[in-house]
Amino acid sequence: MQTLLHIGIKGTVLAVDRTSGAMKWETKLKGGDFVQVVLLDRLFASAKGELFALDPRSGRVMWRNPLKGLGLGPVTIAADESQGPLFIGVGGHALAIDRQSSVEVWRTRLKRGEFVNVAAQDGRIFASAGGELFCLDRTSGSIVWRNSLRGYGWGIVTMAGACADQAALGESRRQQQRRHAAAAAAG
């Protein structure tokens, strides 16, 4: 069971004991207010236009990717349950970054705008920029479709479904594995 809660705030990542609330470690990344943290096989964090991988137990920075050419705006992070790449939104672009090496796999220009939200679901990547919604191919980053969300302006688009659907998908896979194991044992 995970005993630490990882928090991003003011250019810093913190680890807090879930039971007592006691601070366990603190890692300063870069200045800025928005720090997103995502816990997978490693702890991934974004701050001031950069992406970081940290050891979730110690806070030690394992790698840093400055996301060159994309500015210092907020960076959003999405991933699916596979060991595949991280999907990043920043500076009007969506990117895939190898989670082990930090190497950029692909980069797709979406639209002008600093804030890009991303979600991973069903083998595709969904991204929003400048009040528009995009569906991207997971492997190449090519735009599969685009919806201008006409009549809603240039606001920040948020998305739901990927996390809940991934949990449901994981449970469905576990049930299928149990059925296969029971069938193999029976016969």
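The values are calculated or read from the model by the stated rules, or taken from the named source; none is laboratory data. Everything quoted here is computed from the prediction, not taken from an experiment. Every residue, glycine among them, receives a Cβ derived from its backbone with ideal geometry; neighbour counts consider all protein chains shown.
Please work out if Ala96 is of a type in the set (Gly, Ala, Ser), surrounded by 17 or more Cβ atoms within 10 Å (Cβ to Cβ) and touching a Gly at 6+ places or on another chain (Cβ under 7 Å). Here the answer is yes, as Ala96 does meet what is asked. In segment 154-171 there is at least one residue that is within 17 Å of Val90 (Cα to Cα), touching a strand residue (DSSP E or B) at 6+ places or on another chain (Cβ under 7 Å) and either modelled with pLDDT of 85 or more or loosely packed, with under 11 Cβ neighbours inside 10 Å (or both). From the list Leu70, Leu40, the one residue that fits, being buried (at least 17 other Cβ atoms within 10 Å of the Cβ) and not small (Gly, Ala, Ser), is Leu70. When the residues of segment 104-149 are filtered to those that are assigned to a strand (DSSP E or B) and among the polar types (S, T, N, Q), the one that is nearest to Asp80 (Cα to Cα) is Gln121.
Across segment 22-52, the number of residues qualifying as over 18 Å from Asn117 (Cα atoms), of a type in the set (Lys, Arg) and assigned to a loop (DSSP other than H, G, I, E, B) comes to 2.
Residue count for segment 1-16 satisfying the condition of being more than 19 Å from the chain's Cα centre (by Cα), surrounded by 15 or more Cβ atoms within 10 Å (Cβ to Cβ) and not in a strand (DSSP E or B): 0.
Only one of these conditions is not met by Thr19: (1) outside any strand (DSSP E or B); (2) under 22 Å from Ser128 (Cβ atoms). Which number is it? Checking Thr19 against (1) outside any strand (DSSP E or B); (2) under 22 Å from Ser128 (Cβ atoms), the one that fails is (2).
Looking only at residues in segment 99-115 that are within 15 Å of Leu43 (Cα to Cα) and not basic (Lys, Arg), the one that is surrounded by the fewest Cβ atoms within 10 Å (Cβ to Cβ) is Ser101.
When you scan segment 82-89, do you find a residue that is at pLDDT below 90, touching a helix residue (DSSP H, G or I) at 6+ places or on another chain (Cβ under 7 Å) and of a type outside the set (Asp, Glu), even just one? No, segment 82-89 has no match at all.
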